[in-house]
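Each value in this text was obtained by applying a stated rule to the coordinates, not by laboratory testing. What you are looking at is a predicted structure, and each value in this text was computed from that prediction instead of being measured. Cβ atoms come from the backbone with ideal geometry, glycine included; neighbour counts cover every protein chain shown.
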């Protein structure tokens, strides 16, 4: 037998993947004695998930585009998805005017959109919700009273603008629009050519992090601090966690929470990928707003 065939013969079989609904939930029930039996399938998971949400005292929510679709904001994928516009290629290489136009459309849509039932549930959690980490750039979360101090926008917000040439020049919707000339650059003399006041590329862009761009300073430190804190419930809502850094954060936090007897709930109508399914305890295959309405109808 050749060396290659010998290596294949000696290769260990892959461990069998256990579906979410068939896993042992006793580790989560350890800190929730009122839950007498583990979920037996996805039909019952909604009730157990809502009980965890009702009783947990230190909750962290990690959200994505799925929680804002019902407010009129576009999804990440699909025909009208944002994926193309969240790549730096369109801005820096192919079609900058079209990128600015899309950002202006999104800015108008976000300014008119209202928080969804799921956003309202986050407010109703009160002091039990200690942190909301969102991948969204629409700013709907901070339209709800009391949510801004608890919300960490991983990728920035459309409402905030910065100069594409000089990131230190910042503004907001009330002062400028995406694609407009940076007023600070326009009034700042060009030392190489004093006669030219407006520098090349000195336009305002939303202060958001595009794919392959570096995250803002302090992001890694803040996520690291959240990993050090104690939590008893992680809710992953409206996101597939395809961005590597977001998945790594969720995986590390999930490991810590489950080791301490806590629970990880995922809320999304689309089935989880295999790697995401391995870090959650309860997978609610429902839209975030549907879960929010069920939660609101529960007796106090």
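Assorted remarks:
- Inter-part distance, region 80-112 to region 233-300, computed on C-alpha centroids, equals 29 Å.
- Each of 68, 240 has some number of other Cβ atoms within 10 Å of its Cβ, and from fewest to most they run 240, 68.
- Cα coordinate range in region 43-128, projected on the principal axes (Å, largest first): 50, 26, 23
- Taken over the Cα atoms of region 38-187, the convex hull encloses 140 Å³ per residue.
- For 60, 122, order by how many other beta-carbon atoms lie within 10 Å, fewest first: 60, 122
- Sorted by Cβ neighbour density within 10 Å, fewest at the top, the residues 142, 61: 142, 61
- Equivalent-ellipsoid semi-axes for region 238-290 (Cα gyration tensor, √(5λ), whole Å, largest first): 18, 14, 9.
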